[in-house]
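What follows is a set of notes on a single structure, which appears directly below.
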Amino acid sequence: MNNLKKQVLIFQLNGEPMGILADPAESLLTILREKLGLYGTKAGCGKGECGACTVLLDDRAVNSCLVPAGKVQGRKVETIENLSQGGKVHPIQEEFVEKGAVQCGFCSPGMVMSAHALLKENPQPNPEQVRVAISGNLCRCSGYKQIEEAILSAAEKM
Ligand code: FES
Ligand code: FES
């Protein structure tokens, strides 16, 4: 890649300051996985259709495959790696396992991050609000019912 295109991007990543030299036109997903080794965020369609790459940008769920890295300048990015703290998994993750909402698990990080964004904004969502929040996340194997139940149950627990 042409170094002339690169710029220093400074942002907050999982609560810590981050500075990285990157092409601002590259996707945030590429930066996270290929430059920062954060493989928890999955690369699926690369076109904004599957939600596997969901992360939080200023507390809102976004498809990181569609976010040019230049857009994160000065902002706050949160990935699935930030959810388990001190060796303890997050209640949303706990409930996904508990309710059988994880099968192959490919969609799970994105689903969990969409749920995380929802519960930050609305700690007591109703089932319809949960369905809307995960409407951009595709799951090929588990029923959406278990995922919905897991998120409602995590909301109660939290
Ligand atoms: S990989 Fe980003 S939406 Fe599918
Ligand atoms: S658990 Fe396999 S895609 Fe959702």
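Things worth noting here:
- The magnitude of the dipole of the range 91-157, with charges of +1 and -1 set on the Cβ of Lys/Arg and Asp/Glu and taken from the Cα centre, is near 200 debye.
- Those lysines that a straight Cα-Cα span of less than 26 Å connects to K6, excepting residues fewer than 8 apart in one chain: K35, K42, K47, K71, K76
- Surface accessible to a 1.4 Å probe, per residue, for the residues of the chain, Å²: 51 Å²
- Cβ-based net charge around A155, under 13 Å, with every Lys or Arg adding one and every Asp or Glu removing one: -3
- Fraction of accessible area attributable to carbon and sulfur, the range 3-82 (%, probe 1.4 Å): 50 percent
- Peptides 32-45, 99-112 ranked from most to least packed by the mean count of surrounding Cβ atoms within 10 Å: 99-112, 32-45.
- Student exercise, the chain dipole from Lys, Arg, Asp, Glu Cβ charges, in Debye to nearest 20: 420 debye
- Dipole-positive endmost among G87, V67, M158 within the chain (Cβ charges, Cα centre): V67
- Computed packing ranks the peptides 135-145, 73-83 as 73-83, 135-145, most packed first, by mean other Cβ atoms within 10 Å.
The values are calculated or read from the model by the stated rules, or taken from the named source; none is laboratory data. Model, not experiment: these values are computed from the prediction. Note: ideal-geometry Cβ built from the backbone for every residue, glycine included; neighbour counts use all protein chains shown. Note: areas computed on protein heavy atoms with side chains; ligands, DNA, RNA excluded. Shrake-Rupley method; radii C 1.70, N 1.55, O 1.52, S 1.80 Å.
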